[in-house]
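Visitor: Please find one structure pasted underneath; my questions will follow.
The values are calculated or read from the model by the stated rules, or taken from the named source; none is laboratory data. Every value quoted in this text rests on a predicted model; they were computed, and no experiment measured them. Cβ sites come from the backbone with ideal geometry, for glycine too, and all protein chains shown count toward neighbours. For accessibility, only protein heavy atoms count, side chains too; no ligands or nucleic acids. Shrake-Rupley method; radii C 1.70, N 1.55, O 1.52, S 1.80 Å.
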Amino acid sequence: HEEECSCGHHHEHHHDHDEECECGHHHHHDHDHEEECSCGHHHHGHHHHHHDADEVFSSVGCETAKRYTKEQLLESLKALNDTERFGTVLRAKGIVAGEDGKWYHFDFTPEEEEVREGSAATTGLLCIIGAQLNEAAVKQLFGV
């Protein structure tokens, strides 16, 4: 079934479901899936998520001109595993400017973080999807 969460987006709750966060990233969760984010790239993943039907999803999304090092991004992504501090983060994606002039694309699912160099964007984009997210803590973590 489909329900609307506090972020105003519709989320289907069954074996396969789609999620879209406020920054426009489209997330499809099933065993073997492909995703297209606002950068226009397709991301292929192998993640299977089970959620209770009454679970409410929310998202934190923003644009930022802040510059990051690859190490800062990896540390921040690893920190998102702390459910006490940030809530249950199911997915985080983004494209941000690097302090070294490069652009970094990142992906996060629980216990799996990836930061890679990629094509430039007009502005940095962050999108974090989860349940009972602590929006203030997430924004503070990324300095936005």
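Visitor: So for the stretch 95-144, Kirkwood radius off the Cα pairs, Stokes-Einstein at 37 °C and 0.692 mPa s: how many µm² s⁻¹?
Guide: In µm²/s, the coefficient is 270.
Visitor: Given a cut-off of 22 Å, what percent of all Cα-Cα pairs of the stretch 49-132 lie beyond it?
Guide: The share of Cα pairs beyond 22 Å in the stretch 49-132 comes to 26 percent.
Visitor: Here's another thing I want to ask about it. If you add up the charges near ASN81, with Lys and Arg at +1 and Asp and Glu at -1, over every other residue whose beta carbon is less than 11 angstrom from its beta carbon, what do you get?
Guide: -3
Visitor: So how far apart, in nm, are the two label points at GLU112 and GLU75 if each is 7 Å from Cα heading toward Cβ?
Guide: Distance between the two pseudo-spin positions: 2.6 nm.
Visitor: Accessible surface of CYS62 in the full protein assembly, 1.4 angstrom probe, to the nearest 10 Å²?
Guide: Rounded to the nearest 10, that gives 30 Å².
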